[in-house]
Amino acid sequence: MSDPSKQAAVEEAAVEPEVAEQAAERVEEDLDELRARAAERDEYLALAQRTQADFENYRKRAVRDQESLVARAHERVVKELLPILDDLERALDAATAHEEAALEEGVALVHRALADLLAREGLAEIQTDGAFDPHVHEALLAQPAENAESGHVLQVLQKGYRLGDRVVRPARVIVAE
């Protein structure tokens, strides 16, 4: 009664549930591992999104702070310029009354006050004595000179200024040939 092919089929059928059960366990383990990795991925994604939002907020705050700083700096300079404006108005009033001495004194006062304010802000006049320096001088004209060496500044047409180490306006000069 025992046919070898039937017996192999019965043995195979008995083994299949064990194999299927092991395969199902492996699939379940793989699914658990995938779920854990998906949860970890979601945590990293949330962290990256929070970091990105924090950086964007920092960037916006830095821009706001910079704008505020510039506005306060402008306000401070304007407040310091107001007395100079008042002095200039008084000088103009003196000019209207034809008081030449008072006008000259008023204009000198305005000039001195403005120069002092700008010096406090770091503005310095560029020296024009001696040799021409193309980094801080702008030659508008070159002319022969008997008592000056070639390349030396003969005359200043417009003063130059620097703010700290930056040239705000080069000195416009006439240079000896």
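Values in this text are rule-based calculations from the coordinates and carry no lab data. Just so it is clear, the structure is predicted and the values come from calculations on it, not from any experiment. Every residue, glycine among them, receives a Cβ derived from its backbone with ideal geometry; neighbour counts consider all protein chains shown.
Annotations for the structure displayed:
- Once the Kirkwood radius over Cα pairs is known for the stretch 124-177, the Stokes-Einstein relation at 20 °C and 1.002 mPa s delivers a diffusion coefficient of 195 µm²/s.
- FRET efficiency estimate (nearest 0.05) - Cβ-Cβ, ARG72 to GLN127, R0 45 angstrom: 0.85
- Calculated FRET value between TYR161 and TYR58, using beta carbons and R₀ = 25 Å, to 0.05: 0.10
- Label-to-label distance, ILE174 versus HIS111, with points set 7 angstrom from Cα along the beta-carbon direction: 2.0 nm.
- The chain: most fluctuating residue of LEU157, LEU123, LEU103 per GNM, C-alpha cutoff 10 Å: LEU157
- The chain: most fluctuating residue of GLU33, GLU104, GLU149 per GNM, C-alpha cutoff 10 Å: GLU33
- Between 0 and 90 degrees, the angle of helix 100-120 with respect to the longest Cα principal axis of the chain falls at about 30 degrees.
- Computed from the Kirkwood radius of its Cα pairs, the Stokes-Einstein diffusion coefficient for the chain at 37 °C and 0.692 mPa s stands at 129 µm²/s.
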